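Colleague: Before we start, here is the structure in question, set down as structure tokens.
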Amino acid sequence: QVHLVESGGGLVQAGDSLRLSCAASGRTFSIYAMGWFRQAPGKEREFVSRITWGGGSAFYADSVRGRFTISRDNAKNTVYLQMNSLKPEDTAVYYCAATRDTVRLTSSSVYDYWGQGTQVTVSS
């Protein structure tokens with residue numbers, strides 16, 4: 001089992017920045033990649049970004065590329081999502097997830113473990 005705890009959400013204005021953190025504990029040696037997903041009210045959960053645990057290979061959704069940066073600190077078993085130039089459409093609950101799979105890493109269905117989510121609200 002892997003336990004994930006997110007933090008760092010909040011209420012900001014458009015153009016501001018936030019950094020989300022996701023601390024992993026438990027059988028972290030089994031993790032291949034960590035991802036961030038988000039879900040806005042009335043919408044389906046969508047992929048935001050992912051990073052491989054070992055090599056640090058990152059990938060982003062088109063909607064956040066160039067504004068968000070994912071990183072990881074293996075020593076702390078923590079993944080970060082630096083969000084800059086935030087827009088009102090970024091408002092959502094952000095979830096951290098972990099997977100042992102090595103393919104289809106933009107799909108929520110391959111992620112085995114999920115955090116409880118953290119709210120990000122961007123006002124215009």
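Colleague: Which of (1) loosely packed, with under 14 Cβ neighbours inside 10 Å; (2) small (Gly, Ala, Ser); (3) out of contact with any Leu (no Cβ under 9 Å at 6 or more places or on another chain) does Ser123 not meet, given it meets every other one?
Modeller: All conditions pass for Ser123, except number (3).
Colleague: Next question, about the same structure. Is it the case, given these coordinates, that Ser25 is over 21 Å from Ser123 (Cα atoms) and in contact with a Lys or Arg (Cβ under 7 Å, 6 or more places away or on another chain)?
Modeller: no
Colleague: Separate question: Could you please find all residues in segment 25-51 being of a type outside the set (Lys, Arg), on the phi < 0 side of the Ramachandran plot, outside any loop (DSSP other than H, G, I, E, B) and open to solvent by 10 Å² or more (accessible area, probe 1.4 Å)?
Modeller: Ser25, Thr28, Phe29, Ser30, Gln39, Glu46, Phe47, listed by residue number.
Colleague: Related question: Kindly check whether there is at least one residue in segment 103-112 that is under 18 Å from Glu6 (Cβ atoms), free of Cβ contacts under 8 Å to residues at least 40 places away in the same chain and open to solvent by less than 20 Å² (accessible area, probe 1.4 Å).
Modeller: no
Colleague: Out of curiosity, is Asp73 surrounded by fewer than 20 Cβ atoms within 10 Å (Cβ to Cβ), acidic (Asp, Glu) and closer than 17 Å to Ile31 by Cβ?
Modeller: Criteria met by Asp73.
Colleague: Here's something else I'd like to know. In contact (Cβ under 8 Å) with a residue 24 or more places away in the chain, buried (at least 17 other Cβ atoms within 10 Å of the Cβ) and within 19 Å of Tyr111 (Cβ to Cβ), is that true of Leu18?
Modeller: It is false that Leu18 is in contact (Cβ under 8 Å) with a residue 24 or more places away in the chain, buried (at least 17 other Cβ atoms within 10 Å of the Cβ) and within 19 Å of Tyr111 (Cβ to Cβ).
The values are calculated or read from the model by the stated rules, or taken from the named source; none is laboratory data. Note that the coordinates shown come from a computational prediction; the quantities given were computed from them, not determined experimentally. Cβ sites come from the backbone with ideal geometry, for glycine too, and all protein chains shown count toward neighbours. We work out accessible area using only protein heavy atoms, side chains counted, and drop any ligands, DNA or RNA first. Shrake-Rupley method; radii C 1.70, N 1.55, O 1.52, S 1.80 Å.
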